[in-house]
Amino acid sequence: MQNYNFFQKLLHSLFFNIKLINLLLYELEKFFFINKVNNYNNYKHIFITGLPRSGTTPLLNCIFKSEMFASLTYENMPYLFAPNIGLAINISENFEKKIRFHNDQIYFDLKSPEAFDQPFLNLTKNNLNEFSNYVNLILHSKKKERYLSKNNKNYLRINELKKIFPNAIFLIPIRYPINHSNSLFNQHKNFSSLQKKDKFILDYMNFLDHHEFGLNHKEWFKPIKYTNHNELNYWLEQWYLFYNNIYDKFINQKNVHILVYENFSDNFYRSKITNSLDLKNINLDLEDRNINLKNLDFDNDLKLKSINLYNKFLNSNKFNTNFT
């Protein structure tokens, strides 16, 4: 979004604010292409989901580099609802690679994958049968057979997605709670500042239903004790509530893999992941894995409870048997 000129921002704003345009585009897309696409519902698609700042974007980028998958990319903006028509009419020149607003050393350009399928699910009211058409249209546009998605809200619909894509794999990264909650808090402050300076950033993230942090933040779970978004303990409590829910629902579910952020640099661990996903070897080496954060104002009971939950994940049979 930092690459857009005035006219590009105006065009994007039309798609952000007029739902009928997106619906009409999708109907045109189906009219011209739906009878040409193959049905790939039984293929081994990958859905990355979970809390942001847990390594979801590096995971997405690394898997995408295998060149085995189709994903929505920045070249699909703003024509997200018409992946085939949009690529034909999009005249944007490939912009220079730039670092994300997150300032986390992750760069992107027009060919970079991003979390862009949530607006479709919102507008079609989570009609997953229609979503399967959409996925197959994306695959047709990119000439691929496997779909790769990063959508932080898909943890809410894993069981429903499994019915449509029975062989799909779901990846949920988990990160040490102290580092993770601090990273979330820092990004909340970062995006709040950016959105105050530029309303287009706020509009952009609202359209994509990205409410992870910033002025438009929405909690994942109803807070129990901490309600102030500008307090570090709010983010730690949300971490605990989120992963406690994940543990209860998915720790033993087939094809749902909880990946440890801190282990991504381990060669053996990485090879187990790539073999399980039928991938070429990929580099999952991430920064800021084991930083010891001191003198942060955490609720000690909440901190201990969160660390115990993290260790509960690590000590579960899931990690011993999942990637054999």
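What follows is calculated from the coordinates using simple rules that are stated; it is not laboratory data. Here the structure is a predicted model, which means the values were calculated and not measured. Heads up, the Cβs are rebuilt from the backbone with ideal geometry, glycines too, and the neighbour counts pull from every protein chain shown.
How much length, in nm to one decimal, is gained on full extension between Leu87 and Lys218, taken as 0.36 nm per residue of separation minus their Cα-Cα distance? Can you show the working numbers first?
Working: separation 131, 0.36 × 131 = 47.16 nm, distance 3.24 nm.
Computed gain between Leu87 and Lys218 is 43.9 nm.
Lys272: which lysines have alpha carbons under 20 Å from its alpha carbon, excluding same-chain residues fewer than 8 sequence positions away?
Excluding near neighbours in sequence, the set is Lys44, Lys65, Lys254, Lys280, Lys318.
Scan around Val260 for amide H atoms under 5 Å from its own, H built in the peptide plane at 1.01 Å from N, and keep only partners 5 or more places away or cross-chain.
Correct list: Ile174.
In terms of the Cα gyration tensor, with a ≥ b ≥ c the square roots of its eigenvalues, is the chain rounded because a/c is under 1.5, prolate because a/b exceeds b/c, or oblate? Write out the running numbers ahead of the final one.
Numbers: a/c = 1.75, a/b = 1.27, b/c = 1.37.
In terms of gyration-tensor shape, oblate.
In the structure displayed, which of Lys150/Lys303; Lys36/Lys153; Lys9/Lys196 lie more than 23 Å apart, Cα to Cα?
Lys150/Lys303; Lys36/Lys153
Rank-order 167-179, 243-255, 38-50 by packing density, defined as the average count of other C-beta atoms within 10 Å over each peptide's residues, highest first. Could the numbers behind the result be given before it?
Details: 167-179: 21.5, 243-255: 15.5, 38-50: 19.1.
Result, highest mean first: 167-179, 38-50, 243-255.
Can you run phi through the Karplus equation (6.51, -1.76, 1.60; θ = phi - 60°) for region 80-88 and list ³J(HN,Hα) in whole Hz, with x for Gly and Pro?
Result, rounded to whole Hz: 4, 7, 9, x, 7, 4, x, 5, 6.
Can you tell me which aspartates and glutamates have their Cα less than 13 Å from the Cα of Lys111? Leave out same-chain residues fewer than eight positions away.
Reachable aspartates and glutamates: Glu67, Glu75, Glu93, Glu96.
From the square roots a ≥ b ≥ c of the eigenvalues of the alpha-carbon gyration tensor of region 77-236, which class results: rounded (a/c under 1.5), prolate (a/b over b/c), or oblate?
On the way: a/c = 1.95, a/b = 1.33, b/c = 1.46.
Cα axes put region 77-236 in the oblate bin.
Indicate the gyration tensor shape class of region 168-221 (rounded, prolate or oblate), computed on the Cα atoms with a ≥ b ≥ c the square roots of the eigenvalues: a/c under 1.5 is rounded; otherwise a/b larger than b/c is prolate and the rest oblate. Spell out each step's value before the answer.
Details: a/c = 2.70, a/b = 1.43, b/c = 1.89.
Oblate is the answer for region 168-221, as a/c is 1.5 or above yet b/c matches or exceeds a/b.
Quick check: Cα centre of region 243-281 to Cα centre of region 1-52, how many Å?
29 Å
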